Amino acid sequence: MRGLALVAVLWSAPAAAEPAYSLSADVDARLGMSSIYPRLVVTGARRSWDRLQLGVNLGVGSSPGLFETHQSGEVGIWLYPSRSIDLLLGWRIGHAYLYDTHGPASLSVHSAIVETFATMELHLGPVELRVTPLLITGYRTGAWLLLIGPQIGVAKWL
């Protein structure tokens, strides 16, 4: 019941008067059972009704023996817990390409990608600091591969 009350308060809080479009760049660390690698992600998004976000997400990551690229669509809901912090809860669904040369043979895989996230956006003046404490990423190629990790970046509202 307390959770519903919190959601009601966050939903009814006055929305920030932000411009409708944003461009963000984030870096994250993908942590899995067999690989750890950094990834750069760029997102272009549109906020509608000060609550709904729709976006396009492009990313690339690599480490010795591993290369990953992905493209995904993003949908999220903005909540406003305070004047200086906005909270984005969302999902990304798309396509990923993984190329792995660990072991005796190389492996090239196309997979579906599903991510869930809760991103805090801190107002710092002309740019926003974006912090995602835990980004959960699932790759589906017949079996699921789950990777987790934090993400940090900056956003500019246009």
Using only Cα atoms, tell me the angle between helix 2-12 and the longest principal axis of the chain; keep it within 0 to 90° and round to the nearest 10. 70 degrees
With a sphere of radius 11 Å drawn around the Cβ of Ile152, what net charge do the other residues whose Cβ falls strictly inside it have (Lys, Arg +1; Asp, Glu -1)? -1
Could you report the chain's accessible area per residue, 1.4 Å probe, as an integer in Å²? 54 Å²
Please pull out the direction-averaged projected area of segment 61-122, using the convex hull of its alpha-carbon atoms, in nm² to one decimal place. 5.2 nm²
In deg cm²/dmol, rounded to 500, what helix-only [θ] at 222 nm does the chain give when every DSSP H run of at least 4 residues adds -39500 (n - 2.57) and the total is split over its residues? -2000 deg cm²/dmol
Which percent of the accessible heavy-atom area of the chain goes to carbon and sulfur, probe 1.4 angstrom? 73 percent
Quick check on segment 69-158: what does the Kirkwood estimate of hydrodynamic radius come out to from the alpha carbon pairs, in Å? 14.8 Å
Return the distance in nm (one decimal) between the two label points of a simple spin-label model at Val27 and Ser82, each offset 7 Å from Cα along Cα→Cβ. 2.6 nm
Which of Trp91, Leu66, Ile136, positive extreme of dipole for the chain (C-beta unit charges): Trp91
For segment 28-64, which trypsin sites (Lys or Arg not before Pro) are both in a DSSP coil and crowded by at most 13 other Cβ atoms within 10 Å? Arg51
Among [x] 17.1; [y] 16.6; [z] 15.7, the entry that matches Kirkwood radius over Cα pairs in Å as calculated here: [y]
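The values are calculated or read from the model by the stated rules, or taken from the named source; none is laboratory data. As the structure is a prediction and not an experimental result, all values here were calculated from the model. All Cβ positions, glycine included, derive from the backbone under ideal geometry; neighbour counts span all protein chains shown. For accessibility, only protein heavy atoms count, side chains too; no ligands or nucleic acids. Shrake-Rupley method; radii C 1.70, N 1.55, O 1.52, S 1.80 Å.
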